[in-house]
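A short worksheet on the structure shown next.
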Amino acid sequence: MRFGDVPTPEAEGAILAHSVALPKGRLRKGHVLTAEDLTALTEAGHDAVIAARLDPGDVAEDEAATRLAAALLPDPQGQGLTATTAFTGRVNLKAAGPGVIVLDEERLTALNRIDPMLTLATVPNFQQVGTGQMAGTVKIISYAVPGTALDAAETLLSAAPAIRLAPPVLRTARLIVTEIPGGAGEKGAQAVQSRLDAFGIAMTGPVTVPHRTAPLTEAIASADEDLILILTGSATSDAHDVAPSALRAAGGSVERFGMPVDPGNLLFTGHLDTRPVIGLPGCARSPALNGADWVLARIACGIAVTPDDIAGMGVGGLLKEIPTRPQPRERRKG
């Protein structure tokens with residue numbers, strides 16, 4: 001592609017790089033100049049324009065964006081994503097329903113290395129999204145891209161989808177709350193309910209029991225929902241505290257206690273038979289984003305969360321302060 005000053009008489013078919021005001025109206029940036037436009041420009045005293053002209057083998061921005069989006073979404077329905085119509089070299093990829101976005105980061109990074117004019121920006125891997133929310137945007141930076149670059153991108157993406165929506169697979173969840181004298185009790189149940197509603201998961205409870213191992217063990221063992229959530233009246237402070245001990249006593253297992261995400265440090269994960277169990281941190285009583293949201297989103301969509309996965313959440317895991325916890329990470333003066 002050639003870019004720069006073009007004598008007006010030679011500019012037919014060129015792509016205008018900057019808007020030009022005329023006595024009657026305006027020619028907008030990105031407009032493909034016609035013979036009539038050249039006459040109007042000449043009459044207005046413009047002997048040259050700044051424009052882009054495609055070379056043989058170049059692919060215009062909208063066609064290139066459409067082809068790249070099609071390569072990214074060979075099976076839109078199966079991938080749970082939709083593509084908008086190309087406009088100014090851009091196609092947006094949107095979620096067809098709730099879920100989390102799963103990315104092949106290595107191939108998508110390789111895609112963005114092919115040619116600076118050919119780009120894809122996405123939400124972070126495993127980002128929770130709702131229906132219609134953007135998952136990514138294809139953008140041809142300038143007015144065209146070399147056909148060889150586009151061919152290389154299509155070949156790179158041909159092996160398997162590199163972006164998809166993982167939809168919710170769990171249908172039911174039980175919230176068990178432990179109670180201590182003067183504690184929060186069922187406060188926060190609505191925040192948990194809202195999180196589950198986003199995935200279409202029906203919640204049983206809250207089922208409230210005293211903050212002791214035996215009654216909590218019974219409540220866990222009697223649960224038959226797809227997911228068990230435990231919100232303790234007193235923060236779980238050790239892998240052998242009341243809630244983790246109750247899960248083991250019920251025949252389950254604890255896989256990870258503690259996560260390098262703040263708020264959210266005091267979370268634990270485990271299983272009861274094949275069903276996932278999440279010991280929620282106290283900050284889950286607030287609707288504000290915390291580490292439990294990241295774990296819940298993946299598990300709700302059938303994506304396993306291993307101890308190693310949780311360890312990897314630390315980079316980027318320092319989340320925004322919330323008003324109910326002003327500066328909790330700093331020692332107070334006095």
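The values are calculated or read from the model by the stated rules, or taken from the named source; none is laboratory data. Predicted, not measured: the structure shown is a model, and the values here were computed from it. So basically every Cβ, Gly included, is an ideal-geometry build from the backbone, and we count neighbours across all protein chains shown.
Structure above, values below:
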| quantity | calculated |
| --- | --- |
| Number of positions in the stretch 300-317 that are outside any loop (DSSP other than H, G, I, E, B) and crowded, with 21+ Cβ neighbours inside 10 Å | 2 |
| Residue in the stretch 298-308 that is in contact with a strand residue (DSSP E or B) (Cβ under 6 Å, 6 or more places away or on another chain) and closer than 23 Å to Thr178 by Cα present | yes |
| Condition check for Asp47: surrounded by fewer than 14 Cβ atoms within 10 Å (Cβ to Cβ) and either hydrophobic (A, V, I, L, M, F, W, C) or within 24 Å of Gly89 (Cα to Cα) (or both) | no |
| Selected residue (only one of Val138, Val129 is under 28 Å from Val315 (Cα atoms), within 14 Å of the chain's Cα centre (by Cα) and surrounded by 15 or more Cβ atoms within 10 Å (Cβ to Cβ)) | Val129 |
| Residues of the stretch 220-236 classified as surrounded by fewer than 21 Cβ atoms within 10 Å (Cβ to Cβ) and either part of a helix (DSSP H, G or I) or at pLDDT 95 or above (or both), total | 5 |
| Residue check, His240 surrounded by fewer than 22 Cβ atoms within 10 Å (Cβ to Cβ), in the same structural domain as Gly182 (by TED's automatic domain parsing) and within 27 Å of Gly182 (Cα to Cα) | yes |
| Qualifying residue in the stretch 3-13 (condition: without any contact (Cβ under 8 Å) to a residue 40 or more places away in the chain and either surrounded by 14 or more Cβ atoms within 10 Å (Cβ to Cβ) or polar (S, T, N, Q) (or both)) | yes |
| The stretch 1-45: number of residues that are of a type in the set (D, E, K, R) and part of a helix (DSSP H, G or I) | 4 |
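To keep it simple, each residue is scored yes or no on (1) surrounded by 20 or more Cβ atoms within 10 Å (Cβ to Cβ); (2) over 19 Å from the mean Cα position of the chain (by Cα).
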position: Asp62; (1), (2): no, yes
position: Ala83; (1), (2): no, no
position: Val91; (1), (2): yes, no
position: Lys94; (1), (2): no, no
position: Ile101; (1), (2): yes, no
position: Arg113; (1), (2): no, yes
position: Met117; (1), (2): yes, yes
position: Leu150; (1), (2): yes, yes
